[in-house]
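Trainee: Below you will find the structure I want to go over with you.
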Amino acid sequence: DAGITQSPRHKVTETGTPVTLRCHQTENHRYMYWYRQDPGHGLRLIHYSYGVKDTDKGEVSDGYSVSRSKTEDFLLTLESATSSQTSVYFCAISESTGGTLEKLFFGSGTQLSVL
Amino acid sequence: GQSLEQPSEVTAVEGAIVQINCTYQTSGFYGLSWYQQHDGGAPTFLSYNALDGLEETGRFSSFLSRSDSYGYLLLQELQMKDSASYFCAVPKRGAGTALIFGKGTTLSVSS
């Protein structure tokens, strides 16, 4: 299994509070991603990173920010959590070989509930 | 924009064969991937097609027709453990390695 650890695994918070989710990898992979998963919506890309301090927006980036100061860590921050951000958050990593196959390895997910 | 369409649910019995279809809209096509996710678990990679035709991996096969913007995942000799959600995905345009996923197909296998 790919060495990906997400923390916390579960979190309950209140509307308006800041929340930071952490993704830590031991694979030294260049690319890291944050997805959210909601019933009926599948997996939606929030932000991704293609290197230290190199990040970009995905499909549903509003209300989220990310940081990557080290290869192994990718942080997702909800500056002011809202109930619509209640979801399961998955981190994923990949290592491009320059070819066309980009296999993603996913972490175990973080269940976030915003009350 | 980019989008993928797949059926929301499929049911089958043990030992049967089931096909999960995926149609996509994207420019600059770079391949179609399939992922499996068991309830409460993380998605895991199943297969990838860059060229037209059938790719076989054990009981699972994946097919691609680029001219029809269409692919499918074929599961043979179904087992109860195949009950899961299956997602097709294509690379996000302009985002290198990031993937855009379909909404997923829930497969229920009964005995």
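The values are calculated or read from the model by the stated rules, or taken from the named source; none is laboratory data. This is a predicted model, so every value here is computed, not measured. Please note: Cβ atoms are built from the backbone with ideal geometry, for glycine as well, and neighbour counts cover all protein chains shown. For accessibility, only protein heavy atoms count, side chains too; no ligands or nucleic acids. Shrake-Rupley method; radii C 1.70, N 1.55, O 1.52, S 1.80 Å.
Trainee: Enumerate the strands (runs of 3 or more DSSP E) found wholly within chain B, keeping only those where 1 or more residues are of a type in the set (Phe, Trp, Tyr) and more than 29 Å from A:Thr55 (Cα to Cα).
Mentor: Per the criteria, B:60-65, B:70-75.
Trainee: Quick one: how many residues across segment A:1-39 are within 11 Å of chain B (Cβ to nearest Cβ) and among the small types (Gly, Ala, Ser)?
Mentor: The qualifying residues number 1.
Trainee: Please pick out the residue among A:Ser61, A:Ser94 that is open to solvent by less than 70 Å² (accessible area, probe 1.4 Å) and within 11 Å of another protein chain (Cβ to nearest Cβ).
Mentor: Of the residues listed, the single one that is open to solvent by less than 70 Å² (accessible area, probe 1.4 Å) and within 11 Å of another protein chain (Cβ to nearest Cβ) is A:Ser94.
Trainee: Is it the case that segment A:84-91 has a residue that's of a type in the set (A, V, I, L, M, F, W, C) and away from chain B (no Cβ under 14 Å)?
Mentor: no
Trainee: Would you check if B:Ser83 is modelled with pLDDT under 95 and open to solvent by 10 Å² or more (accessible area, probe 1.4 Å)?
Mentor: Here the answer is no, as B:Ser83 does not meet what is asked.
Trainee: Let me ask something additional. Under 7 Å by Cβ, and 6 or more places apart or on different chains, what pairs join a residue from segment A:40-55 that is more than 9 Å from chain B (Cβ to nearest Cβ) with one that is surrounded by 13 or more Cβ atoms within 10 Å (Cβ to Cβ) and not in a strand (DSSP E or B)?
Mentor: Listed pairs, sorted by first residue: A:Ile46/A:Gly58; A:Ile46/A:Val60; A:Ile46/A:Ser61; A:His47/A:Gly58; A:His47/A:Ser61; A:Gly51/A:Arg30; A:Val52/A:Thr71.
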